[in-house]
Amino acid sequence: MQGFNMGRYVPPDQEGVSTGNQIAGKHPLGARARHLHTTGALVVRFEMPFAIWCTNCKPHPIIIGQGVRFNAEKKNIGYYHSTPIYSFRMKHTVCGGTIEIKTDPQHTAYVVSEGGQKRDTGENKELQPGEIAIKPFARDIDPAEKDPFSKLEGKMEDKNRAKTEADRILELQARQKRDWEDPYEKSKQLRKKFRGERKGLENAQAKGDALKDKMSLDIEILDETEEDRQKASMVEFGESSATAAQRAARMSLLQPMFEEPEEKRKTPPWKRTRQSDLIASRKAAFRREVVANTRARFDPFLQGLKKKKTVTSSTPARRNAPSGTKLGSSATAPNPASSTAAPNPASSTMTPNPALVIYSDSD
């Protein structure tokens with residue numbers, strides 16, 4: 001009986017005893033096994049695992065792309081432990097040269113052993129000192145990607161971790177169930193919190209719009225931050241023009257007529273820094289201020305140059321105290337250097353005492 005697509009006739013007396021290939025003296029693989037009994041090579045369809053340069057092509061090598069298929073002779077050439085090592089020999093149709101590729105079980109890769117050279121893409125290149133990895137595959141690769149056993153060990157670790165953390169997962173599930181046992185109450189709390197935040201945002205938006213209208217701004221005003229508050233607190237505004245003029249007039253009267261020369265600094269000019277000069281100038285200004293205030297305090301002719309104290313509206317008006325007495329004290333000894341007159345209800349400032357020496361028309 002002749003089987004389907006067998007192409008071999010088996011006599012009735014040989015059915016079940018031998019096959020058509022045995023009767024005809026043929027190999028089941030046909031012409032693909034024509035070298036199997038001589039060189040041990042089997043013709044297979046081989047697909048190029050990566051791009052290579054054919055060194056047999058002259059005058060310039062020609063590249064063979066990845067995935068190009070050839071009829072190659074597969075042969076067992078050795079063993080790595082118990083894993084066989086195979087070689088694949090094929091013929092390049094362009095130049096007629098032979099290309100041989102071997103398997104490398106130790107590194108789980110293919111190696112071009114004859115007739116070609118693997119195209120260098122920088123995948124297996126080790127970085128030298130001073131070099132920088134630019135391509136993604138030049139970076140450090142996870143050991144699990146190189147070693148399948150590492151990936152398997154990682155899976156085992158994940159399983160063990162899942163067993164040990166099962167109690168924690170159950171605890172989280174119970175907590176979530178407890179927290180959301182009453183969805184209406186939770187929703188009510190969330191909506192209440194959202195309403196408060198919404199009101200705050202609306203108030204901030206209203207303040208921003210009012211400021212934009214007041215300053216005629218056409219820009220978006222950002223929210224105030226803690227950094228903005230700190231910077232604003234460090235800003236100091238100068239005095240008004242009238243106050244600055246009064247201060248300058250007072251200082252000009254308090255300064256001595258013949259000012260003493262400043263002490264010469266021991267540090268030479270070329271060794272001074274801007275910070276040291278600034279500190280020295282501040283010290284000198286502070287020294288002059290202290291001397292001027294001391295003169296104004298003890299000099300009887302400069303008593304009228306003391307800083308005037310203002311009486312606020314909340315302070316009740318008092319009667320004029322007798323000359324030579326202080327306000328708020330009963331019969332005390334007169335002090336011409338520090339005694340001041342009581343404020344007049346019609347006036348908002350304190351008037352200075354008359355000088356010690358009084359000049360009259362009779363003099």
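The values are calculated or read from the model by the stated rules, or taken from the named source; none is laboratory data. Note that the structure is predicted; figures quoted are calculated from it, not measured. Glycine gets a Cβ as well: all are built from the backbone with ideal geometry, and neighbour counts include every protein chain shown. Calculation scope for accessible area: heavy atoms of the full protein, side chains included, ligands and nucleic acids excluded. Shrake-Rupley method; radii C 1.70, N 1.55, O 1.52, S 1.80 Å.
List of remarks:
- Counted residues, region 65-99 - those being of a type in the set (Val, Ile, Thr) and in contact with a His (Cβ under 7 Å, 6 or more places away or on another chain): 1
- Residue within region 15-32 that is of a type in the set (Gly, Ala, Ser), touching a residue at least 12 places away in the same chain (Cβ under 8 Å) and part of a loop (DSSP other than H, G, I, E, B) present: no
- Hey, Pro84 farther than 19 Å from Gly116 by Cβ, in a strand (DSSP E or B) and not aromatic (Phe, Trp, Tyr) or not: yes
- Within region 129-153, the set of residues being modelled with pLDDT of 70 or more and either of a type in the set (Ser, Thr, Tyr) or under 31 Å from the mean Cα position of the chain (by Cα) (or both) comprises Pro129, Ser150.
- Which numbered condition Tyr80 fails, given (1) surrounded by 17 or more Cβ atoms within 10 Å (Cβ to Cβ); (2) in contact (Cβ under 8 Å) with a residue 24 or more places away in the chain: (1)
- In the set Gln66, Gln117, Gln106, only one residue is open to solvent by 100 Å² or more (accessible area, probe 1.4 Å), part of a loop (DSSP other than H, G, I, E, B) and touching a strand residue (DSSP E or B) at 6+ places or on another chain (Cβ under 6 Å); that residue is Gln106.
- Scanning region 11-60 for residues being modelled with pLDDT of 90 or more and open to solvent by less than 70 Å² (accessible area, probe 1.4 Å) gives a total of 14.
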